[in-house]
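Please treat every number below as a calculation from the coordinates, not as lab data. These figures come from a predicted structure and were not determined experimentally. With ideal geometry, Cβ positions are generated from the backbone for all residues, glycine too; neighbour counts draw on all protein chains shown.
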Amino acid sequence: MKEFVFKSIVFTSLFVFLAAYVSKSFQGNSIELFSHNQYKSLQNKIDVAIFGTSHAYATYDPRVLEAETGLKTFNFGSPLQNISTSEFLMRKVIESNDLKLIIIDVFSESIKEITPNNEFKKRFQYKVLDNFGFSKEKLMTIRKIGEMNPLNSIPLYKNHSNWERIFESKEYKINQDIDYYSGFHTAFVLDKKTWDKHENNLKKVKFRNNTKEQLTLGEKKSISRILNFSQESNIPVLFVCAPFFKEIRGKQSISYQENIKNYLDSIGADYVDFNPLWKKIKLNKYDFVDPDHLNSRGALKVSLYLSDYILKRYNTFNKRELPSKNNRYLIAKNNSKEIIWNSEIKDSYVNDSLHVNKVYLFKVFDDKYEILIEGEKDKLKRLNTCLQYQMNYSDKIEKNCKWLNGYLEYNDKNFLSYQINLDLKKIKDMKFFIGPNKKKLIIKMDKFKHVR
């Protein structure tokens, strides 16, 4: 009998560990896995780590923090990320990096405890947790997010009904109109359809105007664990709350944030709520994608304020020079020459009528490239553009024409960003035109032999 029990334990353990080992193949492609792979290429190099829900990943732009503070930053935000998931991530990131600062967005949805029957919220936690191997800490975290079945920590088991779809799915690609950098991602402009749909969904929430009297004991403990862990690790933690349209979200969200602020104040935590700072930061509706999420311009405004706060509040950090090859704000600030194309435009019509003075072309990551157009502050706000090229073994001219909106205000200049997913090594005779009729040529390159 003892031998049977022993063999059963050994077999079960072997099965669990083998299942956990091969589980990476059963995750499926997602933005969370894509960001995790981006993070792995930067391990041991991160100074500032940001955690939280979609409010976090659409608000705090690592490029701005890097350009202003000299601290390498990664945004680990994910949809509906629960604070227990944030804590797990935090511990994992600290194992591999000498962090100088932890930033965690404590929007009410991240604080709420997840009940065992809330499969919807649990599913979003797994999209993050599945990126990490089997461990005791992972098992403890899935218990905190309301999961009673420990086998659900293994993607091979949890996703068994979707195996066929997972293996048929293509490699994940960031949409060329999404502004992505080190975990941060959002759209460049307000989208009316997205706004209306999001607003309507928020207004359908049954208890949106019920006042939250106080945080639960579990919610308080989850916040305290973050603060205690940061103190034990000797790493400061800054709690933040991204701006959102409070009147659309309703009284429950407003009262929740007030309770969070009161509790953070009571335990002596450092906290910045960006909602009372709208006028100071000069936020408006057109800095948002929808009532909950900022666009690139809004994120730039908030991230500039956050960077200034970090430098003043944590002035012991050593500011250092970071490479400016793929960070648009560092490239613009330093007038970087270590990129594919950098030219000052000397054309009176382009300068005086289109308000364009410079153009940069650089690789953001993989096959995603950006053409950054620099112009006069308060004047360069939208521009008609057209990218034209040929594939190496074809005479057919390919065109990608579009209006650029969502201008960015930085360093006393305005910028517009044209993003494209393209393998430059496979193309030739690239030209970039601007102007009402797309006739003004501002970039011309025949070959891209040395692009890495």
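Using only the alpha carbons of segment 328-445, determine the length spanned along each of the three principal axes and report them from longest to shortest in whole angstroms.
43, 30, 24
So what J values fall out for segment 336-343 if you push phi through Karplus, 6.51 cos²θ - 1.76 cosθ + 1.60 with θ = phi - 60°, rounded to Hz, Gly and Pro as x?
4, 9, 7, 10, 5, 8, 8, 9
Under a cut-off of 18 Å between alpha-carbon atoms, report the aspartates and glutamates in cross-link reach of residue 204, not counting same-chain residues fewer than 8 places apart.
Within the straight-line cut-off, residue 204 pairs with 109, 196, 247, 290, 292.
Among the DSSP beta bridges whose two residues both lie in the chain, what percent are antiparallel, rounded to the nearest 5? All intermediate terms of the calculation are to be shown ahead of the outcome.
Details: 49 of 64 bridges.
Antiparallel bridges make up about 75 percent of those DSSP assigns within the chain.
What list of ³J(HN,Hα) values in whole Hz, one per residue of segment 97-110 in order, does the Karplus curve 6.51 cos²θ - 1.76 cosθ + 1.60 (θ = phi - 60°) give from phi, with Gly and Pro shown as x?
9, 8, 5, 9, 7, 10, 10, 10, 7, 10, 4, 3, 5, 7
Starting from the amide H of residue 61, placed 1.01 Å from N in the peptide plane, find each other amide H under 5 Å away whose residue is 5 or more places distant or on another chain.
Hits under the 5 Å cutoff: 303.
What FRET efficiency, computed as 1/(1 + (r/R0)^6) with R0 = 45 Å and r the Cβ-Cβ distance, is obtained for residue 346 and residue 203, rounded to the nearest 0.05?
On the way: r = 53 Å, r/R0 = 1.17.
For residue 346 and residue 203, the calculated efficiency is 0.30.
Give me the net charge for the shell around residue 94: Cβ to Cβ below 13 angstrom, other residues only, Lys and Arg +1, Asp and Glu -1. Don't jump to the answer; show the numbers that get you there.
Working: positive: 91, 92, 100; negative: 47, 87, 95, 98, 137, 232.
Value of the local net charge: -3.
Please identify the trypsin sites (Lys or Arg not before Pro) of segment 261-296 that satisfy two criteria: DSSP loop assignment and at most 14 other Cβ atoms within 10 Å. Which are they?
On the way: sites: 261, 279, 280, 282, 285; in loops: 282.
Of the trypsin sites (Lys or Arg not before Pro), the ones in loops of segment 261-296 whose Cβ has at most 14 other Cβ atoms within 10 Å are 282.
Show which aspartates and glutamates lie in cross-link reach of residue 377 when reach means a straight Cα distance below 15 angstrom and same-chain residues fewer than eight apart are skipped.
By straight Cα distance, residue 377 reaches 352, 409, 412.
How about segment 304-413: which GluC sites (Glu not before Pro) there lie in a loop by DSSP and see at most 15 other Cβ atoms within 10 Å?
Here the GluC sites (Glu not before Pro) that fit, given the DSSP loop and packing criteria, are 321, 338.
The chain: longest stretch without exposed chymotrypsin sites (Phe, Trp or Tyr not before Pro) (DSSP loop, at most 11 other Cβ within 10 Å), sites themselves excluded?
Details: sites that count: 207, 393.
That gives 1-206 as the longest site-free run.
In deg cm²/dmol, rounded to 500, what helix-only [θ] at 222 nm does the chain give when every DSSP H run of at least 4 residues adds -39500 (n - 2.57) and the total is split over its residues?
-11000 deg cm²/dmol
Please give the contour-minus-distance gain from residue 98 to residue 210: 0.36 nm per residue of separation, less the Cα-Cα distance, rounded to one decimal in nm. Walk me through the intermediate numbers first.
On the way: separation 112, 0.36 × 112 = 40.32 nm, distance 4.26 nm.
Contour length minus the Cα-Cα distance gives 36.1 nm.
With each pseudo-label sitting 7 Å past Cα toward Cβ, what's the residue 43-residue 275 distance in nm, one decimal?
3.8 nm
Any idea what the relative contact order of the chain is, in percent, if you count C-alpha pairs under 8 Å spaced at least 6 apart? Let's see the in-between values first.
On the way: 814 pairs, mean separation 68.0, N = 452.
After rounding, I find 15 percent.
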